[in-house]
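Colleague: What follows is a structure written as structure tokens; I'll ask about it next.
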Amino acid sequence: MNQTLRTGTVRTLLSVSDALTRACLESYFDGKPEVAVVDRTRPMGAEVSLVVTDRFTPRTRDILERVAATLDIPSVLVIGRLDDLPITELAQHRVVTILDKTTSRSEAVTQAVIDAAGVHPADPVERLSTQVRRLTHAAARQNRLDRRETDILRFLADGLSAGEVANQLGYSERTVKNIISKMTVRLELRNRAHAVAYAIREGLI
């Protein structure tokens, strides 16, 4: 993959399937000097296209095709359903990154937009296929962690002790330790450090 080192602001064309998500993203990006959302009615000059949708539809296809044909810029696709994505077609429409809408945080989306500027993957189909495999795998693993376990692992990853995690979540320290113990046994992990490493590696936190 070839990528040009970027500095400054990435001018981004935002295409979102629902108004609420659009408003949230525009508000979030408004506080990020790294990303500037361009006016949809005057898209010329955009460097990256960010497309956010629940599933791949004919409208999604039309948006990606039009952006690739008229602006010739890379696209980041944030999508809720990862199954049956037309990977070859997406690569032809210059999609360079796919993210899972259900699990990706705003920070990850921002970084994907920044990284997409200037990206020219040597094998775009393989790049997207690898991303989808990883996301699908992570989504399957996510089902093996409940909300309490995910919350605890996030705090542990931030360096908090079991007692501090308990205070943050309103549990007793014993409850937190029991949850960690049962989780590590179920997932065949050695200890809490291994559990945190596993969760980060799998993209669960």
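Colleague: So what is the relative contact order for the chain, in percent, with contacts set as C-alpha pairs under 8 Å and at least six apart?
Modeller: On the way: 275 pairs, mean separation 37.2, N = 205.
Relative contact order here is 18 percent.
Colleague: 5 Å is the cut-off here: which amide hydrogens, built 1.01 Å from N in the peptide plane, fall below it relative to Ser49, excluding neighbours closer than 5 in sequence?
Modeller: HN-HN under 5 Å from Ser49: Leu13, Ser75, Val76.
Colleague: Compute the length gained on full extension between Gln92 and Ala23: take 0.36 nm times their separation in residues and subtract their Cα-Cα distance, giving the result in nm to one decimal.
Modeller: On the way: separation 69, 0.36 × 69 = 24.84 nm, distance 2.92 nm.
Extending this stretch completely gives an extra 21.9 nm.
Colleague: Given a Förster radius of 45 Å and the C-beta distance between Thr130 and Asn167 as r, what FRET efficiency does 1/(1 + (r/R0)^6) yield to the nearest 0.05?
Modeller: Working: r = 40 Å, r/R0 = 0.89.
Here the calculated transfer efficiency is 0.65.
Colleague: Which of the listed residues, Ala112, Leu82, Ala36, is farthest toward the dipole's positive end in segment 1-117, when Lys, Arg count +1 and Asp, Glu count -1 at the beta-carbon?
Modeller: Sorting the options by dipole projection puts first Ala36.
Colleague: May I pose another question? Using 15 Å as the cut-off for backbone N distance, which residues of segment 17-49 belong to the label zone defined by a point 7 Å from the Cα of Arg59 along Cα→Cβ?
Modeller: 17-23
Colleague: Right, next: For segment 148-164, just list the computed ³J(HN,Hα) in residue order, Karplus coefficients 6.51, -1.76 and 1.60, θ = phi - 60°, integers in Hz, with x standing in for Gly and Pro.
Modeller: Along segment 148-164, the couplings run 4, 5, 4, 4, 5, 5, 5, 5, 4, 5, 7, x, 6, 7, 4, x, 5 Hz.
Colleague: Which order do Asp72, Asp115 take by accessible area at a 1.4 Å probe, largest first? Present the calculation step by step, with values, prior to reporting the outcome.
Modeller: Values: Asp72 95, Asp115 65 Å².
Ranked list, largest accessible area first: Asp72, Asp115.
Colleague: Which three extents, in whole angstrom, do the alpha-carbon atoms of the chain cover along their principal axes, largest first?
Modeller: 59, 34, 32
Colleague: Then there's this: Per residue, what accessible area does the chain have, given a 1.4 Å probe and all protein chains present, in Å²? Can you show the working numbers first?
Modeller: On the way: 11340 Å² over 205 residues.
Averaged over the residues of the chain, the accessible area is 55 Å².
Colleague: While we're here: So for segment 78-136, averaging the separation of alpha carbon pairs under 8 Å that are six or more residues apart and normalising by length, what relative contact order in percent results? Kindly include the intermediate steps, with their values, before the conclusion.
Modeller: Numbers: 42 pairs, mean separation 28.2, N = 59.
Reported relative contact order: 48 percent.
Colleague: Evaluate E = 1/(1 + (r/R0)^6) for Asn191 and Glu107, where r is the Cβ-Cβ distance and R0 equals 30 Å; express this FRET efficiency to the nearest 0.05. All intermediate terms of the calculation are to be shown ahead of the outcome.
Modeller: Values: r = 28 Å, r/R0 = 0.92.
Result of the calculation: an efficiency of 0.60.
Colleague: To the nearest 10 square angstrom, what accessible area does Val196 show with a 1.4 Å probe?
Modeller: The accessible area comes out at roughly 20 Å².
Colleague: If you place +1 on the Cβ of every Lys and Arg, -1 on the Cβ of every Asp and Glu, and leave all else neutral, what size is the dipole of segment 52-205 about its Cα centre, to the nearest 20 Debye? Please list the in-between numbers first.
Modeller: Working: 23 positive and 20 negative charges, 120 e Å.
It works out to roughly 580 debye.
Colleague: What are the ³J(HN,Hα) couplings of segment 193-198, residue after residue, when phi is run through the Karplus curve with 6.51, -1.76, 1.60 and θ = phi - 60°? Round to Hz, x for glycine and proline.
Modeller: Values, residue by residue: 5, 5, 5, 5, 4, 4 Hz.
Colleague: Going by average Cβ density within 10 Å per residue, which order do the peptides 42-50, 181-189, 161-169 take, highest to lowest?
Modeller: Put in order of decreasing packing, that is 42-50, 161-169, 181-189.
Colleague: Counting only other residues whose beta carbon sits under 13 Å from that of Val16, what net charge do I get with K and R as +1, D and E as -1? Intermediate values should be presented prior to the final figure.
Modeller: Values: positive: Arg22, Arg40, Arg59, Lys101; negative: Asp18, Glu26, Asp54.
Combined, the nearby Lys, Arg, Asp and Glu give +1.
Colleague: Per the 1.4 Å probe, what fraction of the accessible area of the chain, in percent, lies on carbon and sulfur atoms? Show your work: numbers first, answer last.
Modeller: Details: 5440 of 11340 Å².
Of the solvent-accessible surface of the chain, carbon and sulfur hold 48 percent.
The values are calculated or read from the model by the stated rules, or taken from the named source; none is laboratory data. What you are looking at is a predicted structure, and each value in this text was computed from that prediction instead of being measured. Virtual Cβ from ideal backbone geometry, glycine too; neighbours counted across all protein chains shown. Note: areas computed on protein heavy atoms with side chains; ligands, DNA, RNA excluded. Shrake-Rupley method; radii C 1.70, N 1.55, O 1.52, S 1.80 Å.
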